[in-house]
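The values are calculated or read from the model by the stated rules, or taken from the named source; none is laboratory data. Nothing here was measured: the structure is a model prediction, and the numbers come from that model. Note that each Cβ is placed from the backbone with ideal geometry, even for glycine, and that neighbours are counted across all protein chains shown.
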Amino acid sequence: CSSLRRQFIGELLKEGRALVIKGNYSEIMALYDSSYSSSGVDAQEGLAEDLVKEAALKLASDTNAFIVATGSKDLISDGKKVEEVTGGCSQMALVTGTGCMLGAVIATYMAEDCSQSLMTMSLIVLSP
């Protein structure tokens, strides 16, 4: 994650409250740990799922937002616990825009009702 991207998200989070923060495993790790680095914006292969769970839980607690970390298993946290959504396809990483599509689906549901529960958020991630 570039310094420009880190600076931008930091400023954005200071300006107001996010309802949902979505990123791949590497992007969530970069938000959680300022010293974390990977190459490019794609998720680092082999990133330990337990580390991403810890990051998602802490970030959700700190920001009071749902954290959606996409990867081999999608991880969704409300700051109290982490839900796993399985059944994904490893080929999704080869298709540009799948993360953006998921972001659009989440934004659509949140526009309807921003008081979603963790379980509902997990079902939203399953819906595309």
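Inspect all residues belonging to the range 55-70 and state whether any of them is free of Cβ contacts under 8 Å to residues at least 40 places away in the same chain and farther than 18 Å from ALA18 by Cα. Among the residues of the range 55-70, not one is free of Cβ contacts under 8 Å to residues at least 40 places away in the same chain and farther than 18 Å from ALA18 by Cα, which makes the answer no.
The numbered conditions (1) surrounded by 13 or more Cβ atoms within 10 Å (Cβ to Cβ); (2) closer than 24 Å to SER3 by Cα; (3) modelled with pLDDT under 80; (4) touching a helix residue (DSSP H, G or I) at 6+ places or on another chain (Cβ under 8 Å) are all true for VAL68 except (3). Counting the residues of the range 74-100 that are over 15 Å from GLU54 (Cβ atoms) and within 14 Å of the chain's Cα centre (by Cα) gives 5. On the basis of being modelled with pLDDT of 75 or more and over 16 Å from GLU27 (Cβ atoms), does SER117 make the cut? It is true that SER117 is modelled with pLDDT of 75 or more and over 16 Å from GLU27 (Cβ atoms).
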